[in-house]
Amino acid sequence: MLTPEYLGDVSTFARNYFRELGNRLKAPTVIVLDNYQDVAENSVLHDILPCAIAELPPGLSLMILSRQEPLPQFARLRAH
């Protein structure tokens with residue numbers, strides 16, 4: 001749960017959350033975030049998702065669907 005002690009370090013929360021999510025889901029699994037273009041431009045989600053995705057184990061994938069081009073925060077992920 002996103003409790004108050006994580007509010008100062010949301011990226012740590014996201015890493016822990018996605019690591020635990022990866023442990024609970026069976027491979028192969030695809031997690032889909034649709035309508036990503038609706039996320040506010042200044043949302044912390046843009047910065048934490050690349051770190052969180054790195055916590056997913058092999059066999060689990062995350063698809064981010066958007067009607068806009070990917071943000072610079074996702075350049076490294078796109079390259080790999």
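The values are calculated or read from the model by the stated rules, or taken from the named source; none is laboratory data. Every value quoted in this text rests on a predicted model; they were computed, and no experiment measured them. A quick note on method: Cβ atoms are made from the backbone with ideal geometry, for glycine too, and the neighbour counts reach across all protein chains shown. These area figures cover heavy atoms from the full protein model, side chains too; ligands, DNA and RNA do not enter into them. Shrake-Rupley method; radii C 1.70, N 1.55, O 1.52, S 1.80 Å.
Just a few scattered comments:
- Residue within region 10-17 that is within 18 Å of Arg78 (Cα to Cα) and open to solvent by less than 70 Å² (accessible area, probe 1.4 Å) present: no
- Identity of the residue in region 27-66, modelled with pLDDT of 95 or more and of a type in the set (D, E, K, R), that ends up farthest from Leu7 (Cα to Cα): Asp34
- Each residue in region 66-80 was checked for being over 12 Å from the mean Cα position of the chain (by Cα) and open to solvent by less than 80 Å² (accessible area, probe 1.4 Å), and 4 pass.
- Flag if Asp9 is among the charged types (D, E, K, R) and under 10 Å from the mean Cα position of the chain (by Cα): no
- Members of region 25-52 that are open to solvent by 40 Å² or more (accessible area, probe 1.4 Å), hydrophobic (A, V, I, L, M, F, W, C) and assigned to a helix (DSSP H, G or I): Leu45, Cys51
- Taking each residue of region 1-20 that is closer than 14 Å to Leu45 by Cβ and at pLDDT 85 or above and looking for partners that are among the aliphatic types (A, V, I, L, M) and surrounded by fewer than 17 Cβ atoms within 10 Å (Cβ to Cβ) with beta-carbon atoms closer than 6 Å, six or more apart or interchain, yields Val10/Val44; Phe13/Leu2.
- Check on Leu56, surrounded by 13 or more Cβ atoms within 10 Å (Cβ to Cβ) and part of a loop (DSSP other than H, G, I, E, B): yes
- Annotation note: Cβ proximity below 7 Å between a residue of region 35-54 that is of a type in the set (Val, Ile, Thr) and a residue that is open to solvent by 40 Å² or more (accessible area, probe 1.4 Å) and part of a helix (DSSP H, G or I) (sequence gap 6+ or interchain) occurs for Val39/Leu45; Ile53/Leu77.
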